[in-house]
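Every read-out reported here was derived from the displayed coordinates using simple, explicitly stated rules and does not represent laboratory data. All figures in this text were calculated on a predicted structure; none of them were measured in a lab. Don't worry about glycine lacking a Cβ; one is built from the backbone with ideal geometry, like all the others, and counts go over all protein chains shown.
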Amino acid sequence: MATSAHTIDPGDLPRAMLEVATSLNDYVIVLPIVICLMGGAFLLLVRGWRGLQLGLTLTFLVAIAALEVQLFVRVLYDGPVAMTMGNWLPPFGITFAVDVLGAGFALAATIATIVVVVYYSTDTMLREVRYGFYSLIMLLLAGVTGAFLTGDLFNLYVWFEVMLIASFGLMIIGGRKIQLDGAVKYGFLNFLATTFFLIGLGYLYGLIGTLNMADIARVAGQTDSAAMIAVAGLFLLAFGMKAAAFPVNAWLPASYHTPDSAISALFGGLLTKVGAYALLRTMILLMPAARDVLDPVITVVAVFTLLLGPMGAMAQTNLRRAIGFLVIGGIGSVMAGIAISGPYGVPGGGLYALHSMLTMTAFYLVAGLVEQISGTDDIRKMGGIYRASSVLSILFLVLVFAAAGLPPFLGFWPKLLLLQGALSTDDWLLAAAILVNSLFTSIAGARIWAHVFWRNGREGEPATASNPDLKPVSEAISRPAILASVVLVALILYMGLRPNILFESARIAASDLLDPARYTQAVNLEVPER
Amino acid sequence: MIEQVLAALVGIFFTAAIYLILSKAIIRMLLGIAILGNGVNLLIFTLGRVSREVPPIVSDGELIPAEGFANPLPQALILTAIVIGFAMFTFLLVLGYRAYQELNADNTDTMRVAEPKDAPRPPLSY
């Protein structure tokens, strides 16, 4: 059987096994996910003890956040770090590779989750805790964090599915009719998206025989470019669908307003951004040559997404559906960043996704409080909430400005970078679309604000008539919810006023995406020549 | 030879799946999803070469396996994909049935609780 034709010097072959144990220090790369998964399992075991659930969940989450802060600071100063499972050396083992982009997103996701859990702390019905509400939240975070930290494309697919199955559970917890309706559309279209991703993965492996991201970045340039463009097209479709970019965005406004507002907040903050992250990762780091070819397509997608989002928001009467359209508009900005690429587009798109995580979570949280006070989800019947709660009106207005990208809030800085990038590449179409998006978002948001807060009473009644349906929510229930929203909005304001660290991080993240040298080195592979 | 046949079969699976998913009936969409999943698994299986001739084993004194072996890694990948796909499909099946019971609709055209058909006009006072 054995042919003697193989005369290979053993010294020429790359080593396959790691001979020294991974240093304990490096376990920080996987610990956030380990805590998420083990914590979720443990919470399921003790699901009968309601009092224990909240405290345990918060403990796990704070531990994860602390680890991720450490990880973020470490990659910020020392460059990307990597860990490969089972002592196999890359590209054989499954690698976790963390750069500034992944660590920053993972940290933002954990912060958003902590805020949502605090917000929901007094509101969860006993029934939902018994059904494993907190376990599902931990699993969702495991999927999201895993997607941000992994360095292996097939592993990314697995994390997508972990995230998807946890979100299915959260989507239908409570079992109201509207939730089942939303979950059918959400479930089918998102499962379809991950299947497209799997098709792309299959072809990619068939073409270049590796799924390790650093290895793909190394060899993708040397492969048959037409086939690589097809793979990149499949990834664009799959992740675009996950991120709810035009024209595959229909599932988001059909489903995000159906579960409880805290779960909407979690979805609006985290899920679409994982799609956006995967797009940044694949298009910029892995297949830059294919991205250049697909550039016109991405530009068109970005322009339409930028315009469709706020225009859809203007046409809605359901508050949370309107916010769903604003989420889509934000994805347009990330797509614009990918279309512009280069030293402005990539940090702009990444920073916008980070901003969108925090802003959209806060938006849904405030909307949930508004719905509680007014007892309806119809913007036309909400009038007069300024009088019932002036704090909410300020929070909502700040969020409208942040989403529209007005200074001094966080959303301004990524928009500035994107605009600078679009103008420096003479892409007037994208520049105009980014500005029109900001204008339309402020119009849509301000219209909602005027109807919900400014107006005295319901639409169609005399302006002097007050709204009899408003019922103040009891202090005990609303205090943690308002506190959580205030903290998140304060964070958005603070980061908008002191953007230096964000700019610096975004610059490092973008340079690592545009030039994979440090990333590849961290994974222990030879640096490619580009 | 068998690869070409399998490739053609993958094409047929994809065609049937897309046709079924484009339907409005939930049952047909479910069948489409199931066929699409199997099509993708078959695709990855075929990409790893299908052959019984050469075992994927490094023989004594050699450093790499003999030319033309069937790559075992795609087979490991589809094992994962089969498990995940099956779990998702079962969930969607139960969800579809539950939606049929609760909403009395097995057609996306009549499933309009979350997106009402005669949606009210947006507020016009500002």
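Where Rh is the Kirkwood radius over the Cα pairs of the range A:293-424, the temperature 25 °C and the viscosity 0.890 mPa s, what D in µm²/s does Stokes-Einstein return? After rounding, the answer is 160 µm²/s. Specify the inter-centroid distance of the range A:148-172 and the range B:49-84, based on alpha-carbon positions, in whole Å. Between the Cα centre of the range A:148-172 and that of the range B:49-84, the gap is 27 Å.
Simple rule: put +1 on each Lys or Arg Cβ and -1 on each Asp or Glu Cβ in the range A:22-522, find the dipole, and look at A:A433, A:L270, A:Y77; the Cα lying farthest toward the positive end is A:L270.
³J(HN,Hα) across the range A:378-393 via Karplus (A = 6.51, B = -1.76, C = 1.60, θ = phi - 60°), whole Hz, x for Gly/Pro? After applying 6.51 cos²θ - 1.76 cosθ + 1.60, I find 9, 4, 5, 9, 9, x, x, 6, 4, 6, 6, 7, 6, 4, 4, 5 Hz. About its Cα centre, the dipole of the range A:22-522 is roughly 1140 debye, where the only charges are +1 on Lys and Arg Cβ and -1 on Asp and Glu Cβ. Excluding the site residues themselves, the longest part of chain B lacking any GluC sites (Glu not before Pro) in a DSSP loop with at most 11 other Cβ atoms within 10 Å is B:68-126.
Farthest towards the positive end of the charge dipole of chain A, among the residues A:W454, A:L189, A:M228, is the Cα of A:W454, using unit charges on the Cβ of Lys, Arg, Asp and Glu. Every helix of 4 or more DSSP H residues in chain A counts as -39500 (n - 2.57), and over all residues that averages to -23500 deg cm²/dmol at 222 nm.
What's the whole-number percent of alpha carbon pairs in the range A:22-522 lying beyond 33 angstrom? In whole percent, the long-distance tail amounts to 34.
Taken residue by residue and averaged, Cβ atoms of other chains lying within 10 Å of the Cβ of B:84-97 number 4.
Applying the Karplus relation 6.51 cos²θ - 1.76 cosθ + 1.60 with θ = phi - 60° to the range A:297-311 yields 3J(HN,Hα) values of 4, 4, 4, 4, 4, 4, 4, 5, 5, 4, 7, 5, x, x, 5 Hz, where x marks Gly and Pro. When both the range A:73-108 and the range A:22-55 are represented by their alpha-carbon centers, they are found 20 Å apart. Phi angles across the range A:51-62 convert, under the Karplus curve 6.51 cos²θ - 1.76 cosθ + 1.60 with θ = phi - 60°, into 3J(HN,Hα) values of x, 6, 4, 5, x, 4, 4, 5, 4, 4, 5, 5 Hz, Gly and Pro given as x.
Using the Cβ-Cβ distance between A:E461 and A:F42 with R0 = 60 Å, the FRET efficiency computed as 1/(1 + (r/R0)^6) comes to roughly 0.70. For B:N107, the residues whose modelled amide H falls within less than 5 Å of its own, excluding neighbours fewer than 5 places apart on the same chain, are B:I26. When the alpha carbon gyration tensor of the range A:87-200 is reduced to an equivalent ellipsoid, its three semi-axes come out at 29, 19, 11 angstrom, largest first. Projected onto the charge dipole of chain A (+1 at Lys/Arg Cβ, -1 at Asp/Glu Cβ, origin at the Cα centre), which of A:V487, A:A106, A:Q521 gives the Cα projection farthest towards the positive end? Of the listed residues, the answer is A:V487. If you run the Gaussian network model on chain B, springs between alpha carbon atoms under 10 Å, then out of B:L20, B:L36, B:L92 the most flexible one is B:L92. Any of A:K185/B:K24; A:K273/B:K117; A:K185/A:K381 with alpha carbons more than 23 Å apart? Name them for me. Among A:K185/B:K24; A:K273/B:K117; A:K185/A:K381, the Cα-Cα distance tops 23 Å for A:K273/B:K117; A:K185/A:K381.
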